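Peer 1: Submitted below is the structure of interest, expressed as structure tokens.
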Amino acid sequence: MQVKAYAKINIALDVVGKREDGYHLLKMIMQQVDIYDVLTLDKEDSGIKLSTNKAFLPSNNKNLVYRAAELFMEAYNISEGVRVHIKKNIPVAAGMAGGSSDAAAALLAFNRLFGVNAPVEELIPLGLKLGADVPYCMVGGTALCEGIGEIITPLKPFKNHILVVVKPKFGISTREVYENLDINRIFRHPEVEELILAMKRDDVAYVASNMKNVLENVTLKKHHILIDIKEEMKRLGALGALMSGSGPTVFGFFEDMQRAQYCYDYMKSKFEEVFITRTI
């Protein structure tokens, strides 16, 4: 069985509070894009065997797909084993939910592979144990995500809009970004409801000009190159540019493919991981 695991961007990411257990309360507009990993799954007699096309990725229980297999097999008393190969295309430690998307796709695939056929709503609590983005990645598309990421409200699809995506060479620790975020010093929050209305109108110019991610308050201070990428994108014709998740990936919306291609060519001369893609 082969399945695709799609990357995401954040059109809005707001932190609206903090729970007693330390988890941050979020309000996010999530959007899948047409960059994806491919997971190939086969049944085995026993055990979990995981491989990837990237030597630096773990193939043990430090990998979210391995942990997804453990959780699923325990939850549904699966005695058989599974072999999974991940062909990785989504940038790693990039703020695009690559690991979370792989885990989400794996849970949905195990559900079919082993004939469990549980509803997605039943699998979401398993996904949440793996990470705050996993439940959204199981639902996909365009969605408002609240709580710690588990309260998901599907929105009208905001599909087929052109993006250029740039991932600098370094990675970012999501945990470190949240640890360094002072929620009392967030003075400008995303206008989430206005953005949702604009997305319903398919008004990409408004969305691109007004999207906001409060985690930029932390990451951009530490990595000034991301400010440069955002400014360069706009200079090269982007309607607006934003950091996705905790970073360091930056994306920009474009009105047409010609301008996007111009930006892509320029960015590709500076950075290794650059993509032209679309919202899906």
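The values are calculated or read from the model by the stated rules, or taken from the named source; none is laboratory data. This is a predicted model, so every value here is computed, not measured. In this analysis, Cβ positions are derived from the backbone assuming ideal geometry, glycine residues included, and neighbour counts consider all displayed protein chains.
Peer 1: Please work out which residue is nearest to residue 31 (Cα to Cα), limiting yourself to the range 169-220 and to residues that are of a type in the set (Val, Ile, Thr) and free of Cβ contacts under 8 Å to residues at least 60 places away in the same chain.
Peer 2: So the residue we want is 204.
Peer 1: Considering only the range 156-203, how many residues are in contact with a helix residue (DSSP H, G or I) (Cβ under 7 Å, 6 or more places away or on another chain), surrounded by fewer than 16 Cβ atoms within 10 Å (Cβ to Cβ) and hydrophobic (A, V, I, L, M, F, W, C)?
Peer 2: Result for the range 156-203: 1.
Peer 1: Going by the structure shown, is residue 24 in contact (Cβ under 8 Å) with a residue 40 or more places away in the chain and farther than 30 Å from residue 155 by Cα?
Peer 2: Spelling it out, it is not the case that residue 24 is in contact (Cβ under 8 Å) with a residue 40 or more places away in the chain and farther than 30 Å from residue 155 by Cα.
Peer 1: Consider the range 57-77. How many of its residues are within 22 Å of residue 90 (Cβ to Cβ) and without any contact (Cβ under 8 Å) to a residue 12 or more places away in the chain?
Peer 2: The qualifying residues number 5.
Peer 1: Does any residue in the range 233-259 that is closer than 13 Å to residue 206 by Cα and in contact (Cβ under 8 Å) with a residue 12 or more places away in the chain come within less than 7 Å, Cβ to Cβ, of a residue that is surrounded by fewer than 24 Cβ atoms within 10 Å (Cβ to Cβ) and among the hydroxyl-bearing types (Ser, Thr, Tyr) six or more places away or on a different chain, and which pairs are these?
Peer 2: 239/209; 240/209
Peer 1: Out of (1) aliphatic (A, V, I, L, M); (2) modelled with pLDDT of 95 or more; (3) surrounded by fewer than 23 Cβ atoms within 10 Å (Cβ to Cβ), what's the single condition that is false for residue 93?
Peer 2: Unmet condition: (2).
Peer 1: Let me ask you something else. Looking at (1) free of Cβ contacts under 8 Å to residues at least 24 places away in the same chain; (2) of a type in the set (Lys, Arg); (3) surrounded by fewer than 18 Cβ atoms within 10 Å (Cβ to Cβ), which one does residue 230 not meet, given that it meets all the others?
Peer 2: Against the list (1) free of Cβ contacts under 8 Å to residues at least 24 places away in the same chain; (2) of a type in the set (Lys, Arg); (3) surrounded by fewer than 18 Cβ atoms within 10 Å (Cβ to Cβ), residue 230 comes up short only on (3).
Peer 1: Are any residues in the range 25-65 under 19 Å from the mean Cα position of the chain (by Cα) and among the aromatic types (Phe, Trp, Tyr), and if so, which ones?
Peer 2: 36
Peer 1: Could you go through the range 261-278 and let me know if any residue there is touching a residue at least 24 places away in the same chain (Cβ under 8 Å) and of a type in the set (S, T, N, Q).
Peer 2: Yes, some residue in the range 261-278 is touching a residue at least 24 places away in the same chain (Cβ under 8 Å) and of a type in the set (S, T, N, Q).
Peer 1: Same structure again: Within the range 150-170, is even one residue at pLDDT below 95 and touching a Leu at 6+ places or on another chain (Cβ under 6 Å)?
Peer 2: Yes.
Peer 1: Here is a follow-up. Is it fair to say residue 2 is of a type in the set (S, T, N, Q), under 26 Å from residue 160 (Cβ atoms) and surrounded by 19 or more Cβ atoms within 10 Å (Cβ to Cβ)?
Peer 2: Spelling it out, it is not the case that residue 2 is of a type in the set (S, T, N, Q), under 26 Å from residue 160 (Cβ atoms) and surrounded by 19 or more Cβ atoms within 10 Å (Cβ to Cβ).
Peer 1: Can you tell me which residue among 17, 22 is modelled with pLDDT under 95, over 19 Å from the mean Cα position of the chain (by Cα) and part of a strand (DSSP E or B)?
Peer 2: 17
Peer 1: Follow-up. Yes or no: residue 177 part of a helix (DSSP H, G or I) and over 17 Å from residue 76 (Cα atoms)?
Peer 2: Judged against the criteria, residue 177 is a match.
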